[in-house]
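This report concerns only the one structure given below.
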Amino acid sequence: MACLLLGAVLLGKLALCVTAQEMLAPPGQVRFESTDFRNILRWAAPTNSCSLQYNIQYKIYGDIDWLNVSGCQGIQKHQCDLSSVTSDTREWYYARARASSVLSSSKSAWAMSRRFSPRWDTKISPPAVKLSSSKQGIVVQVKPPRVLVRKTHISVDYNIYVIHANEKEEVYKFAYCSHKLTLTELKPKTHYCIQAQTVIPRHMRSSDRSSAKCITTA
Ligand SMILES: *[C@@H]1O[C@H](CO)[C@@H](O)[C@H](O)[C@H]1NC(C)=O
């Protein structure tokens with residue numbers, strides 16, 4: 001009887017230990033969220049989380065080895081900036097995240113992102129637009145998305161949409177080297193609305209249109 005009891009106690013202890021190891025679920029929804037080539041990896045805490053920290057690795061599609069993302073090791077937040085290790089716009093990347101418990105030193109399995117392409121998956125922001133009216137016509141000033149310019153040396157163009165009162169629209173294309181475009185040959189004392197779009201010709205990518213700004217000609 002005593003022997004049997006001992007066995008049960010041992011088994012009980014063993015079971016506890018195993019469940020403690022298994023209880024740490026991996027992070028959920030590991031994904032890249034990218035705007036203007038700023039590539040942020042985000043994830044959700046496992047439901048049974050308390051005092052967790054995360055380790056992040058990445059690899060280039062086709063490579064075998066996962067590499068640690070320095071600056072994303074043992075972190076407690078649920079996001080990390082992977083821009084510097086995912087900066088080659090021609091490559092495809094994977095990232096993965098693992099949770100570990102600060103208290104018990106147990107680790108979760110790795111949870112992997114989907115394949116990420118900076119070139120195709122990043123969301124391009126529309127430019128900031130400022131309008132003024134002059135004798136010559138409407139002066140459109142555009143400012144490219146700040147991060148895009150800081151992070152890349154990719155040349156940027158713009159499409160300027162001029163929406164007439166009758167809702168017909170015209171498109172003007174112009175290059176980043178000039179921030180200013182003067183629209184001439186417009187009717188005087190007429191209301192026009194303008195939208196702009198960032199275009200990256202090399203990547204065949206463009207932003208949504210900016211929200212419309214309107215002005216009346218002199
Ligand atoms: C990644 O970091 C862990 C510790 O944080 C280390 O054990 C492992 O060897 C590292 N892996 C690589 C590929 O550098």
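The values are calculated or read from the model by the stated rules, or taken from the named source; none is laboratory data. Fair warning: this is a prediction, and the values are worked out from it, not measured in the lab. Cβ coordinates were reconstructed from backbone atoms using ideal geometry, including for glycine residues, and neighbour counts include every protein chain displayed.
Key figures for this structure:
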| quantity | calculated |
| --- | --- |
| Subset of the stretch 132-161 [without any contact (Cβ under 8 Å) to a residue 12 or more places away in the chain and either surrounded by 16 or more Cβ atoms within 10 Å (Cβ to Cβ) or assigned to a loop (DSSP other than H, G, I, E, B) (or both)] | His153 |
| Residue check, Pro144 at pLDDT 90 or above and closer than 19 Å to Leu181 by Cβ | no |
